[in-house]
1. Of the conditions (1) touching a residue at least 12 places away in the same chain (Cβ under 8 Å); (2) assigned by TED's automatic domain parsing to the domain that holds residue 47; (3) more than 10 Å from the ligand (Cβ to nearest atom), residue 193 fails just one. Which one is it?
2. For the range 53-71, how many residues meet the condition of being within 11 Å of the ligand (Cβ to nearest atom) and either open to solvent by less than 40 Å² (accessible area, probe 1.4 Å) or closer than 13 Å to residue 14 by Cβ (or both)?
3. As an exercise: evaluate residue 92 against (1) open to solvent by less than 40 Å² (accessible area, probe 1.4 Å); (2) more than 16 Å from the ligand (Cβ to nearest atom); (3) touching a residue at least 60 places away in the same chain (Cβ under 8 Å) and give the number of the one condition it does not meet.
4. Within the range 145-166, restricting attention to residues that are surrounded by fewer than 22 Cβ atoms within 10 Å (Cβ to Cβ) and away from the ligand (no atom under 11 Å from the Cβ), which residue is farthest from residue 84 (Cα to Cα)?
5. Please verify whether the range 148-167 includes one or more residues that are hydrophobic (A, V, I, L, M, F, W, C), over 30 Å from residue 16 (Cβ atoms) and over 18 Å from the mean Cα position of the chain (by Cα).
Amino acid sequence: MKKDEITTIYSQTDKVILEAAMEEVMLRINLIRKQEVALGLRDPVEHVKGRLKSEKSMIEKLKKKGYPITSESAFSNVRDGVGIRIVCMFVDDVYRLAETIRNQGDFLIVKQKDYIENPKSNGYRSLHLIVKVPVHMVDEIRKVFVEIQIRTIAMDTWASLEHQLKYKQNVKNQELIVDELKRCASELASTDLSMQMIQKMIEDS
Ligand code: 0O2
């Protein structure tokens, strides 16, 4: 490690705030799920995971983007310090859930990226919401950015596989794998739609 290199930016209170923001969103998602089931609807969520970006990754991201390496800068410039990934069975569930999240009065939707409607060129599909979530502290309310990714099981499996490729060094047949991934992404997208149609036919009868 180089002398004077910054290795820590968060105070204990900052860590409490980040954890509280993650728990707040997880709690809200679980409440939505329970309410939907209580109303006799299908649970829209297959599973949900939360993660806090490690301090090391946060410092690397701040450096890469040329932002000051401070806690204030991390809270205001980086919007995925807290990440929530929601995996649904069907594409309809993804949009239904996103709508319910958008309707939470105290969550401010800062940005939405619809990579389902407009997939990335590599085939990545997912719906991303950047949300500002209130965290009630003893003496103030802090608004914390949370990145919520919502996608189907098929999209999630694809993204995990593609993520492996990104982080693995010296992979043989890289071009072939990239092409195969693209092909799989579009096959999965059409299977997702077919499965949703079948599900609707079953539900309607
Ligand atoms: P990791 O390792 O998952 O944390 P922006 O500055 O907002 O315009 P940014 O931050 O790249 O651009 O936002 P974007 O495109 O919404 O991506 C945010 C996250 O979505 C990524 O975080 C990934 O988790 C996921 N993602 C986006 N594109 C891809 C993709 O092509 N493949 C996979 N597998 N995941 C993707 P990180 O920090 O890049 O990665």
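The values are calculated or read from the model by the stated rules, or taken from the named source; none is laboratory data. The shown structure was predicted, so the numbers you read here are calculated from the model rather than taken from an experiment. Please note: Cβ atoms are built from the backbone with ideal geometry, for glycine as well, and neighbour counts cover all protein chains shown. Protein only, heavy atoms only, side chains kept; ligands, DNA and RNA dropped before computing areas. Shrake-Rupley method; radii C 1.70, N 1.55, O 1.52, S 1.80 Å.
1. Evaluating residue 193 over (1) touching a residue at least 12 places away in the same chain (Cβ under 8 Å); (2) assigned by TED's automatic domain parsing to the domain that holds residue 47; (3) more than 10 Å from the ligand (Cβ to nearest atom) leaves (2) as the failure.
2. Count: 2.
3. Here residue 92 clears every test but (1).
4. Checking each candidate, the answer is 154.
5. Yes, the range 148-167 contains a residue that is hydrophobic (A, V, I, L, M, F, W, C), over 30 Å from residue 16 (Cβ atoms) and over 18 Å from the mean Cα position of the chain (by Cα).
Here's the yes/no breakdown for (1) within 9 Å of the ligand (Cβ to nearest atom); (2) touching a His at 6+ places or on another chain (Cβ under 6 Å); (3) touching a residue at least 60 places away in the same chain (Cβ under 8 Å):
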{"position": "101", "(1), (2), (3)": "no, no, yes"}
{"position": "105", "(1), (2), (3)": "no, no, no"}
{"position": "112", "(1), (2), (3)": "no, no, no"}
{"position": "122", "(1), (2), (3)": "yes, no, yes"}
{"position": "127", "(1), (2), (3)": "no, no, no"}
{"position": "130", "(1), (2), (3)": "yes, no, no"}
{"position": "135", "(1), (2), (3)": "no, no, yes"}
{"position": "139", "(1), (2), (3)": "no, no, no"}
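Conditions tested, residue by residue: (1) in contact with a Cys (Cβ under 8 Å, 6 or more places away or on another chain); (2) among the hydrophobic types (A, V, I, L, M, F, W, C); (3) assigned by TED's automatic domain parsing to the domain that holds residue 85.
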{"position": "130", "(1), (2), (3)": "no, yes, yes"}
{"position": "165", "(1), (2), (3)": "no, yes, no"}
{"position": "186", "(1), (2), (3)": "no, no, no"}
{"position": "197", "(1), (2), (3)": "no, yes, no"}
